[in-house]
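Structure record follows, encoded as structure tokens.
Computed from the coordinates by the stated procedures, all read-outs in this text should not be read as laboratory data. Keep in mind the model is a prediction, meaning the values are calculated, not measured. Here the Cβ is made from the backbone with ideal geometry for all residues, glycine too, and neighbour counts use every protein chain on show.
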There are 2 protein chains.
Amino acid sequence: MSEKPETLRDVGEIDMIRRLLERVSSADPSVVLGPGDDCALLAPNDEETVLTCDALVEGVHFDFGYFAPEDLGHRVVAANLSDLASMGAEPWAAVLSLAAPGDTPASTFERFYDGVAGISDRYGLAVVGGDVVGSRGGVFISVALLGKVPPGTAMTRAGAVPGDVLVLTGEIGLAQAGLDSLGGRVKLPHGSKKAAEERHLRPEPRVELGKRLRESGLVHACIDTSDSLAISFYHIATSQNLGVGVDGGNLPISAAASDAAAQLGLDVYEYALDGGEDFELLFAVAPEDADSAVRIIEETGCRGSVIGTITEHGEGVTLSVNGGRKPIPPKGFSHF
Amino acid sequence: MSEKPETLRDVGEIDMIRRLLERVSSADPSVVLGPGDDCALLAPNDEETVLTCDALVEGVHFDFGYFAPEDLGHRVVAANLSDLASMGAEPWAAVLSLAAPGDTPASTFERFYDGVAGISDRYGLAVVGGDVVGSRGGVFISVALLGKVPPGTAMTRAGAVPGDVLVLTGEIGLAQAGLDSLGGRVKLPHGSKKAAEERHLRPEPRVELGKRLRESGLVHACIDTSDSLAISFYHIATSQNLGVGVDGGNLPISAAASDAAAQLGLDVYEYALDGGEDFELLFAVAPEDADSAVRIIEETGCRGSVIGTITEHGEGVTLSVNGGRKPIPPKGFSHF
């Protein structure tokens, strides 16, 4: 007779929340009152508050077939930290909502919170509240994150001007290749397989780099590439009535993405441009500041690439490759 | 041939978010940057930040059979505002996450946001961000709310001492009777039916009253009765190693709850004590301040009742009624 695991229903809502929040209790001096009351209380400070939220849905954003609960906890916090990173903000506090069927093992949620606690601790993020509720249709996770930034200094999506160059951190297409490897659609060589799958399961947000870029004062506009690089171009340019000219030869396409695209018979540029969730930073600087910006990136041990130029609006978003030029449509992951 | 309604899938994620957030755009001077970027930015201030979150799940917390989308939008914000009210905080900013199947009509979400916008405007809450994602299993809604409160003045669940009296705003069992009426389990007379159903569908958080109670400086501990009055007793007393003696004769049980309990063959006290989501405030004050506290409540046009006393721990949570005394278990709505 095998022992049945303790479920969320066995533990009950109040005790489950208590158990989970014990795992993330923090001694952060900016937290006046942590989890356990109707609300949390955070100490006053003289900075701007940066606020973002994100939701993850089982069967849409993740699958427990390859996502360990710890990785999922890491992942949902990482995605939100990446939004803070794109503004150059300092992580501050988080609240989480979890919905799950009553027969979900309690240990699944404890492991999820261990993942949340791990990344939160490393980035100085205090988890100050949470909600656990029932669900009839799978697991749903929502996180809201607060950050801090000195007034008037946050990097935003607006601010690029024609002639600016676009700089990108890291490599692209890595998370997409990791997802295709985890799903068994491609077979990657041992080394790049691990890096690609890790990028999908446990991405590291560019928090420190975002802060350094903000402090440099060089950045005109910044965004993270969570949806896809193609969509990021539109957010940073089209919405400001500007275009983008991308130099295909300078795109830092990961070896894993090249491999995966070839195996799937897809165009490697499309594969890398449309693949989301790399959580890199894309930003605009004046051309004379490009070298300094790349140096700031490289000082953190990360690759930095100048990948294109901000143009006038009429020129759209285009990719120059092998002497030709073609439009880049704003494609990425669609939830519907 | 009937025209097919436009769905979330037709509109797409980015345009849907844009359309929804246009409905809640606010000119709040404390919002430095509203929706549309990776994060929102809020101006510095010298108060403590109050933070809470809450999730609502289709089929668990609500049913589109009787919940109009506008009411649902109202409802999810009201529940979170009630948490701010229990601390005496001023509403500030909110972010929402929505997960829904791709074939959900776009108008459902626009109407939901109209409900969000209505209550947010009335309470001075700026909706500064949101996320719309796909779902395979019904609609999930998650809200995180920020409030502000002068440092050191927030009312919390901790702080009651033996001898304190417990004061309750409004009437209890109303939302439960409304839910049972909406579900067709009871038949209420016309007048109380409307009030009860309205309380379930469009509860009004006690924000102004919470602020006045905080400013009075009289309150030792405060909680909202969202889970149930029975559970609120435990949060405000048992977790502080205290007991509660409730005087059944003074409980402000709504007429609708009395009617509904009788029709269902249930004990009226249990029905009213265990029914959640009335969103009233329960708080502890010194006995000599009880009259002043009730007066503050009544000045806002609300009923105020002294319903019991904080006792030593060994005495548990008990109800005195008809000369007898029995324990009140911490029962309320269970999600699992």
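Observations on the model:
- Between 0 and 90°, nearest 10: helix A:207-216 axis offset from chain A longest Cα axis: 50
- Segment A:D114-A:R303, extension gain: residue separation times 0.36 nm, minus the distance between their alpha carbons: 65.0 nm
- Region B:141-169-region A:29-44 distance, computed between alpha-carbon centres (Å): 12
- Selection from B:I119, A:S82, B:S192 lying farthest towards where the dipole of the protein assembly as shown points positive, charges on Cβ: B:S192
- For B:R122, neighbours were defined as the other residues whose beta-carbon sits under 11 Å from its Cβ, and their charges (Lys and Arg +1, Asp and Glu -1) total -3.
- Closest approach to the axis - chain A beta-carbon, rotation onto B, Å: A:G137, 1
- Cα centroids of region A:58-103 and region B:308-329: 43 Å apart.
- Taking other Cβ atoms within 10 Å as a rough exposure proxy, A:F279, A:F233 sort from fewest to most as A:F279, A:F233.
- Projecting the Cα atoms of B:M16, A:A99, B:G138 onto the dipole axis of the protein assembly as shown, where Lys and Arg carry +1 and Asp and Glu carry -1 at the beta carbon, places B:G138 farthest toward the positive end.
- Shape of the protein assembly as shown, Cα gyration tensor, a/c cut at 1.5: prolate
- Residues whose placed amide H lies under 5 Å from that of A:V32, excluding near-sequence neighbours: A:L41, A:L42, A:A43
- Exam field: A:D103 pseudo-label spacings to other copies (7 Å along Cα-Cβ), nanometres: 2.5
- Gaussian network model of chain A, springs between alpha carbon atoms under 10 Å - residue of A:Y234, A:Y269, A:Y66 with greatest fluctuation: A:Y66
- Put simply, when A:307-317, B:50-60 are sorted by average Cβ atoms within 10 angstrom per residue, most first, you get B:50-60, A:307-317.
- The mean sequence distance of close C-alpha pairs (under 8 Å, at least 6 residues apart), as a share of the length of region B:1-59, puts its relative contact order at 17 percent.
- Rounded if a/c under 1.5, otherwise prolate or oblate - region A:58-97, Cα gyration tensor axes: prolate
- Under 23 Å from the Cα of A:K148 - lysines, other chains or at least 8 residues apart: A:K211, B:K148
- Charge dipole of the protein assembly as shown about the Cα centre (unit charges at C-beta), most positive-ward option of A:S181, B:C39, B:I296: A:S181
- Three-way shape call for chain B based on the alpha-carbon gyration tensor, with the a/c threshold at 1.5: oblate
- Extension gain (nm, one decimal) between A:N241 and A:E6, 0.36 nm per residue minus Cα-Cα: 79.0 nm
- Total charge dipole magnitude, region A:21-153, about the Cα centre, Cβ charges on Lys, Arg, Asp, Glu only, Debye to nearest 20: 180
- Placing +1 on each Lys and Arg Cβ and -1 on each Asp and Glu Cβ, with no other charges, gives region B:274-329 a dipole about its Cα centre of roughly 260 debye.
- With its label point defined 7 Å out from Cα along the Cα-to-Cβ axis, B:E298 lies at 7.8 nm from the matching points of the other copies, in increasing order.
- Degrees separating the helix B:13-22 axis from the principal Cα axis of chain B, which is the longest one: 60
- The angle between the Cα long axis of helix A:190-201 and the longest principal axis of the Cα atoms of chain A comes to about 60 degrees, rounded to the nearest 10.
- Dimensions (Å) - region A:165-327, Cα atoms, principal axes, largest first: 42, 35, 24
- Residue order, fewest to most beta carbons within 10 Å, for B:M16, B:M87: B:M16, B:M87
- Average other protein chain Cβ within 10 Å of Cβ, residues A:97-107: 3
- In nanometres and ascending order, the distances from the A:G124 label point to those of the other copies are 3.2 (point 7 Å from Cα along Cα→Cβ).
- Other-chain or far-sequence residues with amide H under 5 Å of A:G308's (modelled H): A:L166, A:D247
- Nearest-20 debye value, region B:165-327 charge dipole, Cβ charges on Lys, Arg, Asp, Glu: 320
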